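K.L.:
Right, I'll just put the structure down here and ask away after.
The values are calculated or read from the model by the stated rules, or taken from the named source; none is laboratory data. Note that the structure is predicted; figures quoted are calculated from it, not measured. Cβ placement follows ideal geometry from the backbone for every residue including glycine, while neighbour counts extend to all protein chains displayed.
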Amino acid sequence: MNGFKKVVIQQISKILKRDWQLVVLTLMPVTYFVIFHYLPMYGVQIAFKDYIAAKGIVGSPWVGFKQFQRFFNSYQFWPLIKNTLSLSVMQLLFGFPVPIMLAIMLNQLKQQKFKRFVQTVTYCPHFISIIVMTGMLYIFLSPRNGLINLFIKALGKDPVFFVGDPKWFRPIFIISGIWQNAGWSAIIYIAALAGISPDLYEAAQIDGASKFQIVRHIDLPGILPTAITMFILEIGKIMNIGFQKAYLMQNGLNISASEIIPTYIYKVGLIDAQFSYSAAIGLFNNVINIILLVSVNKLAQKTSEHSLW
Amino acid sequence: MKISFKDKTDVIFDFINISLLVLITLAVLYPLYFIVIASFSEPDAINTGKVLLFPVGFNTTGYQRIFAETSIWNAYKNTIFYTVFGTTINIVLTMFLAYPLSRKEFFMRKPLTFFMMFTIYFSGGLIPTYLLMRSLNLYNTPFVMILLPAVNVFNVIIARTNIKYSIPEELFEAASIDGCSHFTFLFKVVFPLSKTIISVLVLYYGVAHWNEFMNGLIYLKDESLYPLQLVLRGILVQNQAAADMMGDVESLLEQQRAAELIKYGLIIVTTLPVLVIYPFLQKYFAKGVMIGSVKG
């Protein structure tokens, strides 16, 4: 037994002697994760408590699932679920295929200069801040002098009050999202296309395949694994869809469509100061997200052998 | 010479493909271009739809008002401070984590990767983080803007993958025979050889700091600490043209006209730094992202 211990200690000291500098390097980043990510996880317990500022997180009394029940029974529960899911499912449905199509189209271009130009231009909006993005929406959609409404008026129709209409909230959110991010999201698919073996293309050319056939039978299967990975990652964000843009686009008139769970968490928590209630909704949201992510990943594993883990 | 069916469909394919890409490029470019020309135009011409391709009634009133406004310059100064210090810390911490994680033989590699990845899927959430910032006395200080986003997991993964493929393990083994330690290797070999990935990280982190508004909204109370984007929100989204940007004796109509121009000008003034840096870093980042994403 003693000999075994000795060997283990020897092994550990050998590894430490070799790797101690690497450990030292990670100390600062690890401390960051502990403080800014793991300590808040410890604070999640207030979701099961009635937070009283004077008593602090640890001292506040436990109330079990009271906060969760309150949320499930509130009249806002179903509208919030519906708004959040419709927004993210629609975004996935319309937003997800666009970068893939863009990448395939760019991949078929022979003119390298034009290709690079299109790429540079379509990446650009990704670097615009969400505030500027929303500001631009207000400018272009203004019923009084927005370019789109000027056009509608020129056709002899009545201007549309886009930003104040719940009906228009989701389409505007999604279309502007595509405008801003499709080019950027295409990068990963362009990279995947570049990784397809040139032999496949040569063989197809010799067999007389048309460009359309090449896209259908080489490009699409070639980027499928990447697309599945990206899709799983998107599913994992479904309940956490863009707080910032929804919050900025929100106003009294479109609130019936624009109030989603992340904006509600913010308002209940930081504006109404109902800390425990807000933390409970946040935890509920996070758990749903993880369940979705894990189950979609399982499904992908079973059906296509591609998965995250 | 007979043109085959295949060639004909290919010609149609190319035609549709190129036309669509031209349309897409225009649809992305035009709104940006419009903001630029509108910022130099006469408000009346914008309101009546006369400004379409070129500025009409060239003037710089909007910019003059912006340049005269101290609250905007103070916010600009804050954002530069948060961006420069924040990005520096980002790069150091990210590389300090990415390098060890890129070494296959490092005994903590797997546990640390899990430790880091776990935070993507599960987080304490808004309120627990908010309460923590208050109890750490970071609330309403500039440090919250710099420390809270100090490491981004995705950027660590990109950097790790890049280092793994661009600096082979054998290079360190050879150096270590000559007595080179990991510290020396990191500073003398990894950093100089990682110019590409560091440029990519600077772009990602820098832009994130420059565009940051949510942390300011949640964790800052004093307007003197506000980042640019938060001040911008008041003007662009909430439509509160800062009162002191307007002259005292102006008519309401005059104020409204100026407010329009200020919006266009502000978009340019705040987005310009990012769009100016971007083309210079682009040649690096295309390469960097490709390596990071494909072999992730």
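K.L.:
Could you list, in sequence order, all residues of segment B:122-142 that are farther than 24 Å from A:L233 by Cα, part of a loop (DSSP other than H, G, I, E, B) and facing chain A (nearest Cβ under 8 Å)? Break it down stepwise before answering.
P.N.:
Residues of segment B:122-142 farther than 24 Å from A:L233 by Cα: B:127-128, B:130-142.
Okay, now just the ones that are also part of a loop (DSSP other than H, G, I, E, B), so B:136-141.
Result: B:L136, single match.
K.L.:
While we're looking at this one, here's another question. Hey, among A:V121, A:V30, which residue is out of contact with any Lys or Arg (no Cβ under 8 Å at 6 or more places or on another chain) and at pLDDT 95 or above?
P.N.:
Details: A:V121 fails: at pLDDT 95 or above.
Being out of contact with any Lys or Arg (no Cβ under 8 Å at 6 or more places or on another chain) and at pLDDT 95 or above holds for just one of A:V121, A:V30, which is A:V30.
K.L.:
Same structure, new question: Report whether or not A:K66 is within 14 Å of chain B (Cβ to nearest Cβ) and not aliphatic (A, V, I, L, M).
P.N.:
no
K.L.:
If the requirement is being part of a helix (DSSP H, G or I), at the interface with another protein chain (Cβ under 10 Å from one of its Cβ atoms), out of contact with any His (no Cβ under 9 Å at 6 or more places or on another chain) and not hydrophobic (A, V, I, L, M, F, W, C), which of these qualifies: A:K167, A:K115? Give the derivation first.
P.N.:
Numbers: A:K167 fails: at the interface with another protein chain (Cβ under 10 Å from one of its Cβ atoms).
After ruling out the rest, the residue left standing is A:K115.
K.L.:
Quick check on B:G234: is it out of contact with any Lys or Arg (no Cβ under 9 Å at 6 or more places or on another chain) and at pLDDT below 90? Even if it seems obvious, please write down each step before you answer.
P.N.:
Values: out of contact with any Lys or Arg (no Cβ under 9 Å at 6 or more places or on another chain): yes; at pLDDT below 90: yes.
Here the answer is yes, as B:G234 does meet what is asked.
K.L.:
May I ask you to say which residue of A:I131, A:I104 is buried (at least 17 other Cβ atoms within 10 Å of the Cβ), part of a helix (DSSP H, G or I) and at the interface with chain B (Cβ under 7 Å from one of its Cβ atoms)?
P.N.:
After applying the criteria, what remains is A:I131.
K.L.:
Has segment B:65-72 got at least one residue that is within 13 Å of chain A (Cβ to nearest Cβ), β-branched (V, I, T) and surrounded by 15 or more Cβ atoms within 10 Å (Cβ to Cβ)? Full working, then the answer.
P.N.:
The first filter runs over segment B:65-72 and keeps only residues within 13 Å of chain A (Cβ to nearest Cβ), leaving none.
No, the conditions are met nowhere in segment B:65-72.
K.L.:
Right, next: Can A:K211 be described as of a type in the set (K, R) and more than 9 Å from chain B (Cβ to nearest Cβ)?
P.N.:
Details: of a type in the set (K, R): yes; more than 9 Å from chain B (Cβ to nearest Cβ): no.
No, not satisfied.
K.L.:
Next up: Scan segment A:109-116 and tell me whether some residue there is closer than 23 Å to B:Y264 by Cβ and of a type outside the set (G, A, S).
P.N.:
The first filter runs over segment A:109-116 and keeps only residues closer than 23 Å to B:Y264 by Cβ, leaving none.
Taking every residue of segment A:109-116 in turn, none turns out to be closer than 23 Å to B:Y264 by Cβ and of a type outside the set (G, A, S).
K.L.:
Still on this model: Within the bounds of segment B:103-124, is there any residue that is of a type in the set (G, A, S) and over 20 Å from B:S181 (Cβ atoms)? Even if it seems obvious, please write down each step before you answer.
P.N.:
Keep residues of segment B:103-124 that are of a type in the set (G, A, S), which gives B:123-124.
Going one step further and asking which of them are over 20 Å from B:S181 (Cβ atoms), we end up with B:123-124.
The answer is yes, given that some residue of segment B:103-124 is of a type in the set (G, A, S) and over 20 Å from B:S181 (Cβ atoms).
K.L.:
Also, quick follow-up: Does A:A227 meet the test of being among the aliphatic types (A, V, I, L, M), out of contact with any His (no Cβ under 7 Å at 6 or more places or on another chain), closer than 25 Å to A:F72 by Cα and more than 10 Å from every other protein chain (Cβ to nearest Cβ)? Explain how you work it out, then say what you get.
P.N.:
Numbers: among the aliphatic types (A, V, I, L, M): yes; out of contact with any His (no Cβ under 7 Å at 6 or more places or on another chain): yes; closer than 25 Å to A:F72 by Cα: no; more than 10 Å from every other protein chain (Cβ to nearest Cβ): yes.
Spelling it out, it is not the case that A:A227 is among the aliphatic types (A, V, I, L, M), out of contact with any His (no Cβ under 7 Å at 6 or more places or on another chain), closer than 25 Å to A:F72 by Cα and more than 10 Å from every other protein chain (Cβ to nearest Cβ).
K.L.:
Report, by residue number, each residue of segment B:143-179 that is within 12 Å of chain A (Cβ to nearest Cβ), among the hydrophobic types (A, V, I, L, M, F, W, C) and closer than 30 Å to A:Q274 by Cα.
P.N.:
Scanning segment B:143-179 gives B:F143, B:V144, B:I146, B:L147, B:L148, B:A150, B:V151.
K.L.:
Another one. Just checking, how many residues over segment B:194-227 are more than 9 Å from every other protein chain (Cβ to nearest Cβ) and surrounded by 15 or more Cβ atoms within 10 Å (Cβ to Cβ)? Walk me through it before giving the result.
P.N.:
Step one: of segment B:194-227, the residues more than 9 Å from every other protein chain (Cβ to nearest Cβ) are B:194-202, B:204-206, B:208-209, B:215-216, B:219-227.
Going one step further and asking which of them are surrounded by 15 or more Cβ atoms within 10 Å (Cβ to Cβ), we end up with B:194, B:196-202, B:204-206, B:208-209, B:215-216, B:219-220, B:225-227.
Final tally of qualifying residues: 20.
K.L.:
For segment B:31-40, give me each residue that is without any contact (Cβ under 8 Å) to a residue 24 or more places away in the chain and either at the interface with chain A (Cβ under 8 Å from one of its Cβ atoms) or not β-branched (V, I, T) (or both). Steps first, please.
P.N.:
Of segment B:31-40, the ones without any contact (Cβ under 8 Å) to a residue 24 or more places away in the chain are B:31-34, B:37, B:40.
Of everything in segment B:31-40, those that are without any contact (Cβ under 8 Å) to a residue 24 or more places away in the chain and either at the interface with chain A (Cβ under 8 Å from one of its Cβ atoms) or not β-branched (V, I, T) (or both) turn out to be B:P31, B:L32, B:Y33, B:F34, B:F40.
K.L.:
Can you name the condition, by its number, that A:A194 falls short on among (1) within 11 Å of chain B (Cβ to nearest Cβ); (2) surrounded by 14 or more Cβ atoms within 10 Å (Cβ to Cβ); (3) within 21 Å of A:V98 (Cβ to Cβ)?
P.N.:
Only one criterion in (1) within 11 Å of chain B (Cβ to nearest Cβ); (2) surrounded by 14 or more Cβ atoms within 10 Å (Cβ to Cβ); (3) within 21 Å of A:V98 (Cβ to Cβ) is unmet by A:A194, namely (2).
K.L.:
To continue, here is another question. Buried (at least 20 other Cβ atoms within 10 Å of the Cβ) and under 18 Å from B:F118 (Cβ atoms): is that true of A:V30 in this structure? Can you show your working first?
P.N.:
Numbers: buried (at least 20 other Cβ atoms within 10 Å of the Cβ): yes; under 18 Å from B:F118 (Cβ atoms): yes.
Here the answer is yes, as A:V30 does meet what is asked.
K.L.:
Consider segment B:134-152. How many of its residues are among the polar types (S, T, N, Q) and surrounded by fewer than 15 Cβ atoms within 10 Å (Cβ to Cβ)? Walk me through how you get there before you give the answer.
P.N.:
Residues of segment B:134-152 among the polar types (S, T, N, Q): B:135, B:137, B:140-141, B:152.
When the remaining residues are screened for being surrounded by fewer than 15 Cβ atoms within 10 Å (Cβ to Cβ), the result is B:135, B:137, B:140.
Result for segment B:134-152: 3.
K.L.:
I'm trying to understand the selection: among the residues of segment A:250-273, which are at the interface with another protein chain (Cβ under 9 Å from one of its Cβ atoms) and of a type outside the set (A, V, I, L, M, F, W, C)?
P.N.:
Matches in segment A:250-273: A:P262, A:Y266, A:G269.
K.L.:
Here's something else I'd like to know. May I ask you to say which residue of B:T94, B:T79, B:T119 is surrounded by fewer than 18 Cβ atoms within 10 Å (Cβ to Cβ), within 12 Å of another protein chain (Cβ to nearest Cβ), of a type in the set (V, I, T) and in contact (Cβ under 8 Å) with a residue 12 or more places away in the chain? Don't jump to the end; show me each part of the working.
P.N.:
On the way: B:T94 fails: surrounded by fewer than 18 Cβ atoms within 10 Å (Cβ to Cβ); B:T79 fails: surrounded by fewer than 18 Cβ atoms within 10 Å (Cβ to Cβ).
Only one candidate qualifies: B:T119.
K.L.:
Hey, B:T94 hits all of (1) within 28 Å of B:V231 (Cα to Cα); (2) assigned to a helix (DSSP H, G or I) but one; which does it fall short on?
P.N.:
(1) is the only condition that B:T94 fails.
K.L.:
Here is a follow-up. Please list, ordered by residue number, the helices (runs of 4 or more DSSP H) wholly in segment B:1-77 having 1 or more residues that are assigned by TED's automatic domain parsing to the domain that holds B:Q256.
P.N.:
Details: elements: B:5-39, B:43-47, B:61-68.
Once the helices (runs of 4 or more DSSP H) in segment B:1-77 are filtered for at least 1 residues that are assigned by TED's automatic domain parsing to the domain that holds B:Q256, what remains is B:61-68.
K.L.:
Taking segment B:169-181 only, how many residues are surrounded by 15 or more Cβ atoms within 10 Å (Cβ to Cβ) and in contact (Cβ under 8 Å) with a residue 40 or more places away in the chain?
P.N.:
The number of residues fulfilling the criteria is 1.
K.L.:
Being farther than 30 Å from B:Q282 by Cα and surrounded by fewer than 16 Cβ atoms within 10 Å (Cβ to Cβ) is true for just one of A:F94, A:F114, A:F65. Which residue is that?
P.N.:
A:F65
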